[in-house]
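Below: one structure, written as structure tokens.
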Amino acid sequence: MSARDGRWLMTAGLVLVCQMPGTAKGVMFLTIEDEAGPANVTWPKLFEGRRRVVLGSSMMAINGRIQREGEVVHLIAEQLFDLSGDLSALADRDGEFKLPTGRGDEACHTARSHV
């Protein structure tokens, strides 16, 4: 949500809502959510070519650019990737889900011996 207007980025999350309001002139809107919160995604031209991904994904990755209009922030999608298979694999994991590189908001503590 804090990325600057026009910045390219990739995000992924659970698909919450997919809608095409009649007043939106054919533009489809998607809301995904990850541990940081919800993200609004839109794409003016991508839907027809990626219909199966859009309508069939329960988890999706999106590559696109940020568009800011006042308080409203959208990710304008250029690429969509279905991650639903990865989502179902998470159910088979035992214990805590550890990121391979660690979280960016965690401090790194090393053990030191005092002589």
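Rundown of residues vs (1) at pLDDT 75 or above; (2) at positive phi, yes/no style:
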site: Lys25; (1), (2): no, yes
site: Ser58; (1), (2): yes, no
site: Gly85; (1), (2): yes, no
site: Pro100; (1), (2): no, no
site: Ala111; (1), (2): no, no
Original post:
What is the number of the single condition among (1) under 20 Å from Ala89 (Cα atoms); (2) at pLDDT below 85; (3) not small (Gly, Ala, Ser) that Met20 does not meet?
Top reply: (1)
Original post:
Taking Arg7 and the conditions (1) modelled with pLDDT of 85 or more; (2) touching a Phe, Trp or Tyr at 6+ places or on another chain (Cβ under 9 Å), which numbered condition does it fall short on, given that it satisfies the others?
Top reply: (2)
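The values are calculated or read from the model by the stated rules, or taken from the named source; none is laboratory data. What you are looking at is a predicted structure, and each value in this text was computed from that prediction instead of being measured. Cβ: placed from backbone, ideal geometry, glycine included. Neighbour counts: every protein chain shown.
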